[in-house]
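Q: One structure is given below, represented as structure tokens, and several questions about it will come after.
FYI, it's all coordinate maths here, none of it is from the lab. Model, not experiment: these values are computed from the prediction. Reconstructed Cβ throughout: ideal geometry from the backbone, glycine too, with neighbour counts over all protein chains shown.
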Number of protein chains: 2
Amino acid sequence: MKMLINVPETVVADALRGMAAAHPELTVDVENRVIVRRDAPVPGKVGLVSGGGSGHEPLHGGFVGHGMLDAACPGEVFTSPVPDQMVRAAAAVDSGAGVLFVVKNYTGDVLNFEMAAELAEDEGIQVASVLVNDDVAVTDSLYTAGRRGTGATLFVEKIAGAAAEEGAPLERVEALARRVNDASRSFGVALSACTTPAKGGPTFDLPPGELELGIGIHGEPGRERRAMMTSGEIADFAVDAVLEDLDPREPVLLLVNGMGATPLLELYGFHAEVHRVLRERRVDVARTLVGNYVTSLDMAGCSVTLCRADEELLRLWDAPVATPGLRWGR
Amino acid sequence: MKMLINVPETVVADALRGMAAAHPELTVDVENRVIVRRDAPVPGKVGLVSGGGSGHEPLHGGFVGHGMLDAACPGEVFTSPVPDQMVRAAAAVDSGAGVLFVVKNYTGDVLNFEMAAELAEDEGIQVASVLVNDDVAVTDSLYTAGRRGTGATLFVEKIAGAAAEEGAPLERVEALARRVNDASRSFGVALSACTTPAKGGPTFDLPPGELELGIGIHGEPGRERRAMMTSGEIADFAVDAVLEDLDPREPVLLLVNGMGATPLLELYGFHAEVHRVLRERRVDVARTLVGNYVTSLDMAGCSVTLCRADEELLRLWDAPVATPGLRWGR
């Protein structure tokens, strides 16, 4: 498998150098692997920090900026960042109003963010943490106890970020983040495995003519493998898997997410089918986002995330955001 | 090759249904294949229309909106749209101030846009056309007489779109578009072929361990095939190919573009190398854009586009834009 890299060992550092050169509005500490809003700490503002293994871009580094994250800590590819990165990030963004850690539910991330929270508190930084665990596909898997954190991370970071930008106190930003996670569910499908730089080949074998339903964002095993399905059949399966677990009493936010290598032409066609299924199930979609946001390197496939959103969450969703990966209203 | 589709015959129509459902700010005529700004025609404003084969998303449909295109006409995958689409688009966006066609230099597109210009003028619409032909890799190729139009299309559409939004008359919008094209050069590299829905397999054979230098956006042959190179070597080759043909007397706009399946992690790493080469060549980069903008379905690879930009072009580049694929300042 060919990759656009120098050597596997420098992939993350190279990408950070590239981000630094492309985004003068961010401060990128390549050596310590922390990406911070240039204007941090913003006086009086709660700091939002997230992070996780690299390979899911634009998540998380591409979501640093006005109205979303204050800092992100990228680990090696599909490997948790270390507590030292998280403590540095917290120190860089804390204005005295405290810091919220947004943690996807993978064992390494959870342990390291826990340790970082303790270390940061030792340094006098008030820290709260919210776990994202929206993936309905499987309970307990290769990297996770419980449900995995996937697409809902974007919703949590956007909505909590908007509240923090408005000056909400830590307690409220944390409560909102938790509410968004609790109201969100995801389901993903892989048409191909992804290629990690270290391995240089596919992370798992997916035979021609088959797809994997309920895949995670690291090529972890899903629910089941089946003969290839049409876009419409995949939409039926994915939306129903989400709705089995989420009673959509309110209108929903919808994320139709590409895993990396699926062309936008196909992803929009898939969205047409998701939209059809939701209409058939009488689910009212208030806002829609279609694109590659929470990816798995060069994996072909897609995921569907729904978030029940009341007026307050919709207002915060609509608030201005200005990051490399998500931007509107400003 | 697996694709996230229903059947090859409906791929473009399905994608348009998906765009319609995702973007209420656009009017998408699925049957006639025209995507128009919801507020068109904007009184007194020159209308910008582009189009071309599908498979290059977000180009062009994703660039319809405030500050960029007024309408786009998508053809079948890698196939020119027909004159009827272009005339419909022109009629939908003409406020009386005239319409500019932005045409990538492929034989089918050129012929069809020429015919459409005649038909639109018969209907009393004033039409000007600008040809985009920025690709330095080859002269004359599978679909083209002369140079191919690739990444510079984004620069032309953004800058001419900003001028039109400001109320510039047709003559000036046309002159600006031509100036941007004349000041732009591109060079692309493929690590893998792309898969078209009709063929269901790779459009050409690229053996493991080899890459194609000077590729087009339809998998047309490039300049040469070589053993796989590092990201840094590819950056040296691509930037030098561009600079051989473009004396960068002014600062430049830089587009580091992914062909579709190259992960953002790799693309940012590649950008770090492009940035290094430009620094070594003493080229002053004024603005940078890194991402998948002018794609070739699921092709892995990248392209580099430079545009010499004086103060006026930079000001128009920075002007607000609000489209599905490009958005800032608003």
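Q: With +1 on each Lys and Arg Cβ and -1 on each Asp and Glu Cβ, and nothing else charged, work out how big the dipole of chain A is about its Cα centre, in Debye to the nearest 20.
A: Dipole magnitude for chain A comes out near 680 debye.
Q: Now a separate question. Describe numerically, in nm with one decimal, the distance between label points set 7 Å from Cα along Cα→Cβ at B:THR230 and at B:GLU9.
A: A separation of 5.2 nm, rounded to one decimal place.
Q: Next up: Suppose every Lys and Arg Cβ carries +1 and every Asp and Glu Cβ carries -1, with no other charges. What dipole size does the protein assembly as shown come out with about its Cα centre, to the nearest 20 debye? Don't skip to the answer; put the middle values down first.
A: Details: 58 positive and 94 negative charges, 44 e Å.
In debye, rounded to 20, the protein assembly as shown gives about 220.
Q: I'd like the per residue volume of the convex hull spanned by the Cα atoms of the stretch A:176-330, given in cubic angstrom.
A: So the per-residue Cα hull volume is 124 Å³.
Q: To one decimal in nm, how far is A:THR230 from the same spot in the other copies, if labels go 7 Å from Cα toward Cβ? Please give the shortest first.
A: For A:THR230, the other copies' label points sit at 4.9 nm, shortest first.
Q: Something else about it: What percentages, rounded to whole numbers, describe P(r) for the protein assembly as shown computed over all alpha carbon pairs with 20 Å bin width beginning at zero?
A: Reading upward from the zero bin: 20, 56, 23, 1.
Q: While we're on this one: Can you give me the convex hull volume of the Cα atoms of the stretch B:1-141, divided per residue and expressed in Å³? Please list the in-between numbers first.
A: Working: hull volume 16.2 nm³, N = 141.
Output value, Cα hull per residue: 115 Å³.
Q: Given only helices, namely DSSP H runs of n ≥ 4 each adding -39500 (n - 2.57), what is the per-residue ellipticity at 222 nm of the protein assembly as shown, to the nearest 500 deg cm²/dmol? Could the numbers behind the result be given before it?
A: Numbers: 16 runs with 208 residues, N = 660.
Rounded to the nearest 500, it is -10000 deg cm²/dmol.
Q: On to the next question. Taking 0.36 nm per intervening residue step and subtracting the Cα-Cα distance, what contour gain separates B:GLU210 from B:ASP247 on full extension? The partial results should precede the final answer.
A: On the way: separation 37, 0.36 × 37 = 13.32 nm, distance 3.05 nm.
Full extension of this stretch gives 10.3 nm more.
Q: Can you list the copy-to-copy distances for B:ARG172, using a point 7 angstrom from Cα toward Cβ, in nanometres, shortest first?
A: 4.6
Q: Turning to a different aspect of this structure: Positive end of the charge dipole of chain A (Lys, Arg +1 and Asp, Glu -1 on Cβ, about the Cα centre): tell me which of A:GLY96, A:CYS307, A:VAL283 has its Cα farthest that way.
A: A:VAL283
Q: So, one more: With only Lys, Arg, Asp and Glu charged, each at its Cβ (+1 for the first two, -1 for the last two), find how big the charge dipole of the stretch A:184-318 is about the Cα centre; round to the nearest 20 debye.
A: 120
Q: For chain B, which semi-axes, largest first and in whole Å, follow from the square roots of 5 times the eigenvalues of its Cα gyration tensor?
A: Value: 30, 24, 17 Å, ordered largest first.
Q: Measure off 7 Å from each Cα along the Cα-to-Cβ vector at A:ASP240 and A:ASN32, then give the distance between these two points in nanometres to one decimal.
A: Placing both labels 7 Å beyond Cα along the Cβ direction yields 5.2 nm.
Q: How high is the FRET efficiency from B:SER95 to B:MET115, r the C-beta distance, R0 25 Å, rounded to 0.05?
A: The calculated FRET efficiency here is 0.60.
Q: Among A:MET86, B:VAL46, A:TYR143, whose Cα lies farthest out toward the positive end of the dipole of the protein assembly as shown, if unit charges sit on the beta carbon of Lys, Arg (+1) and Asp, Glu (-1)?
A: It is B:VAL46, whose Cα lies furthest towards the positive end.
Q: Assuming 0.36 nm per residue, please report the length gained on full extension of the stretch A:ASP84 to A:GLU311 beyond their Cα-Cα distance.
A: Fully extending the segment from A:ASP84 to A:GLU311 adds 77.9 nm.
Q: Hey, another quick one. Would you be so kind as to identify which of A:MET115, A:VAL30, A:MET68 lies farthest towards the positive end of the dipole of the stretch A:12-183, taking Lys and Arg as +1 and Asp and Glu as -1 on Cβ and the Cα centre as origin?
A: Farthest along the dipole direction, towards plus: A:MET68.
Q: If the cut-off is 26 Å between C-alpha atoms, which lysines fall inside it for A:LYS45, apart from same-chain ones fewer than 8 positions away?
A: A:LYS104, A:LYS158
Q: Put a point 7 Å out from Cα along the line to Cβ at B:PRO207; what are the distances to that point in the other copies, in nm, shortest first?
A: Nearest first, the other copies' label points are 2.9 nm away.
Q: Further question: Can you pull the one-decimal nm distance between simple spin-label points at B:GLU25 and A:ARG223, each 7 Å off the Cα toward Cβ?
A: In this crude spin-label approximation the distance works out to 3.5 nm.
Q: What's the average, rounded to a whole number, of partner chain beta-carbon atoms within 10 Å of each residue's beta-carbon in B:254-263?
A: 5
Q: Let me ask you something else. Could you quickly flag the chain B residue whose beta carbon comes closest to the rotation axis taking B to A, and that distance in whole angstrom?
A: B:ALA261, 2
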